[in-house]
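The values are calculated or read from the model by the stated rules, or taken from the named source; none is laboratory data. Owing to the predicted nature of the structure, the values given are computational and were not obtained by experimental measurement. Cβ atoms come from the backbone with ideal geometry, glycine included; neighbour counts cover every protein chain shown.
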Amino acid sequence: MFVDVAAEPEKAIAVGVAALRAGSVVAIPTETVYGLSADATNQSAVDRIFQVKRRPGHNPLICHCSDLAMVNRYATLDPISRKLAEQFWPGPLTLVLDANPANRLPERTTAGLATVAIRIPVGFSGDLIRSFGRPLAAPSANLSGRVSATTAQHVEREFGDDIPLTLDGGPTRIGVESTILMVRGGKLELLRPGGLPIEDIERSVGLRVAAPRSDMKIVAPGMLTSHYAPRASVRLNAIHVEPHEALIKCGSVSVRGEATCQRVYDLSPDGDLSEVAARLYSTLKQTDEDGMTAVAIVPIRNDGIGLALNDRIARAAAPRDLMPE
Ligand code: TXA
Ligand code: MG
């Protein structure tokens, strides 16, 4: 079942809460990408997420909360994390925090780690969690290793009837996943670049963001393997395009070979990075729909959200024998 969040907001919340209470998986829009959500405190509901997503069981989920009071039930915030939370939540920032040992989430949700990844999302999904009263475990709504969904139609195409309820909030605003950060020993470690630019984070706390230390127990899987991948092969930093390839470009500058290539996709005619982010995943999925077998992508600026975009397209281009499943 689909419910249009903008047309019927009360109904969307009511059916969403009922389905979550019943232990179902519900696809929800967030400001970043669509999530496959379930009651984070219900082990069998969370099991179902892993099944439909075909996600490796050792990979923990992000818990989405409605407010800091809910976060405090499950985790403790060090002073730097608290400052980041106050400044950037609700928003596209996930913090890996020490789990509250007195109130553990099921092992399926956290993969038995002593930490828990938490964020407070913007808008409808925050309202849904508030009405539900419990955190929602929600990975991105795509098969493991594939490109994340930024529309309800993407969710439908990927999962069909495997998901009983999709709350359709239209295209997501940001279009790439949240930035994941962990504070350890007073240092900021970036586990995944995402929708919140690290420049904003560094300015807020006056500290540099660094790469994670190598003793991280869990490295976000997208950090090692092919991930976010369309079916087509992907070639990066293209300054020309071959006749057998499709071109993904960004702005009006013409690219050598463009006139004779398979197809041209323009992520943002004005070269606007936010628009590039909002359209990247739907464009990668479109190349699949259009039956493209090889895609060349022009260089994309690496500042602001560009860091996340370059991270994702590099993983889309990684050798496929490193796929997680
Ligand atoms: O924007 C987002 O973050 C979206 C929306 C739905 O909120 N969610 C999302 O979830 O991207 P997912 O499961 O696709 O990515 C979450 C990442 C995984 O790579 C996982 O390994 C990492 O977070 N993660 C979860 N718990 C962790 C922990 N305790 N320590 C380190 N990494 C963790
Ligand atoms: Mg994901």
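What's the number of the condition residue 117 fails, among (1) under 20 Å from the mean Cα position of the chain (by Cα); (2) surrounded by 24 or more Cβ atoms within 10 Å (Cβ to Cβ); (3) part of a helix (DSSP H, G or I)?
So the condition that residue 117 fails would be (3).
Inspect all residues belonging to region 19-27 and state whether any of them is assigned to a strand (DSSP E or B) and either within 15 Å of ligand 1 (Cβ to nearest atom) or over 20 Å from residue 153 (Cβ atoms) (or both). Can you show your working first?
Of all residues in region 19-27, those assigned to a strand (DSSP E or B) come to 26-27.
With the extra rule that they be either within 15 Å of ligand 1 (Cβ to nearest atom) or over 20 Å from residue 153 (Cβ atoms) (or both), the set shrinks to 26-27.
Yes, region 19-27 has at least one match.
So residue 213 fits all but one of (1) at pLDDT below 90; (2) on the phi < 0 side of the Ramachandran plot; (3) surrounded by 14 or more Cβ atoms within 10 Å (Cβ to Cβ); what number is the exception?
It is condition (3) that residue 213 fails.
If residue 297 meets every condition in (1) under 18 Å from the mean Cα position of the chain (by Cα); (2) buried (at least 19 other Cβ atoms within 10 Å of the Cβ) apart from one, which number is that one?
(1) is the only condition that residue 297 fails.
Quick check on region 15-24. Is at least one of its residues away from ligand 2 (no atom under 16 Å from the Cβ), under 26 Å from residue 281 (Cα atoms) and more than 17 Å from the chain's Cα centre (by Cα)? Break it down into steps so the answer makes sense when it comes.
Step one: of region 15-24, the residues away from ligand 2 (no atom under 16 Å from the Cβ) are 15-24.
Then keep just the ones that are under 26 Å from residue 281 (Cα atoms); that gives 16.
Next, only the ones that are more than 17 Å from the chain's Cα centre (by Cα) stay: 16.
Yes, region 15-24 contains at least one residue that is away from ligand 2 (no atom under 16 Å from the Cβ), under 26 Å from residue 281 (Cα atoms) and more than 17 Å from the chain's Cα centre (by Cα).
In the list 281, 265, which residue meets the criterion of being over 16 Å from the mean Cα position of the chain (by Cα), at negative phi, not acidic (Asp, Glu) and not in a loop (DSSP other than H, G, I, E, B)?
Details: 281 fails: over 16 Å from the mean Cα position of the chain (by Cα).
After applying the criteria, what remains is 265.
Any idea which residue in region 40-57 is farthest from ligand 1 (Cβ to nearest atom), counting only those that are in contact with a strand residue (DSSP E or B) (Cβ under 8 Å, 6 or more places away or on another chain), not in a loop (DSSP other than H, G, I, E, B) and not basic (Lys, Arg)?
Step one: filter region 40-57 for residues in contact with a strand residue (DSSP E or B) (Cβ under 8 Å, 6 or more places away or on another chain), giving 40, 45-46, 48-49, 52-53.
Okay, now just the ones that are also not in a loop (DSSP other than H, G, I, E, B), so 45-46, 48-49, 52-53.
Then drop every residue that is not not basic (Lys, Arg), which leaves 45-46, 49, 52.
Values: 45: 15, 46: 12, 49: 9, 52: 13 Å.
Restricting to residues being in contact with a strand residue (DSSP E or B) (Cβ under 8 Å, 6 or more places away or on another chain), not in a loop (DSSP other than H, G, I, E, B) and not basic (Lys, Arg), the top hit is 45.
Before we move on, is residue 62 under 14 Å from residue 124 (Cβ atoms) and buried (at least 17 other Cβ atoms within 10 Å of the Cβ)?
no
Quick one: in region 120-168, which of the residues that are among the basic types (Lys, Arg) and over 15 Å from residue 281 (Cα atoms) is surrounded by the most Cβ atoms within 10 Å (Cβ to Cβ)? Break it down into steps so the answer makes sense when it comes.
From region 120-168, those among the basic types (Lys, Arg) are 130, 134, 146, 157; that's our starting set.
Then keep just the ones that are over 15 Å from residue 281 (Cα atoms); that gives 130, 134.
Values: 130: 14, 134: 18.
Applying the filter and picking the extreme gives 134.
Residue-by-condition table, conditions (1) more than 18 Å from residue 62 (Cα to Cα); (2) within 16 Å of ligand 2 (Cβ to nearest atom); (3) under 13 Å from the mean Cα position of the chain (by Cα); (4) of a type outside the set (Gly, Ala, Ser):
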site	(1), (2), (3), (4)
145	no, yes, yes, no
154	yes, yes, no, yes
158	yes, yes, no, yes
164	yes, no, no, yes
178	no, yes, yes, no
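Out of the residues in region 99-120 meeting the condition of being within 16 Å of ligand 2 (Cβ to nearest atom) and either basic (Lys, Arg) or in contact with a Pro (Cβ under 6 Å, 6 or more places away or on another chain) (or both), tell me which one is nearest to residue 309 (Cα to Cα).
Ranking the candidates gives 119 first.
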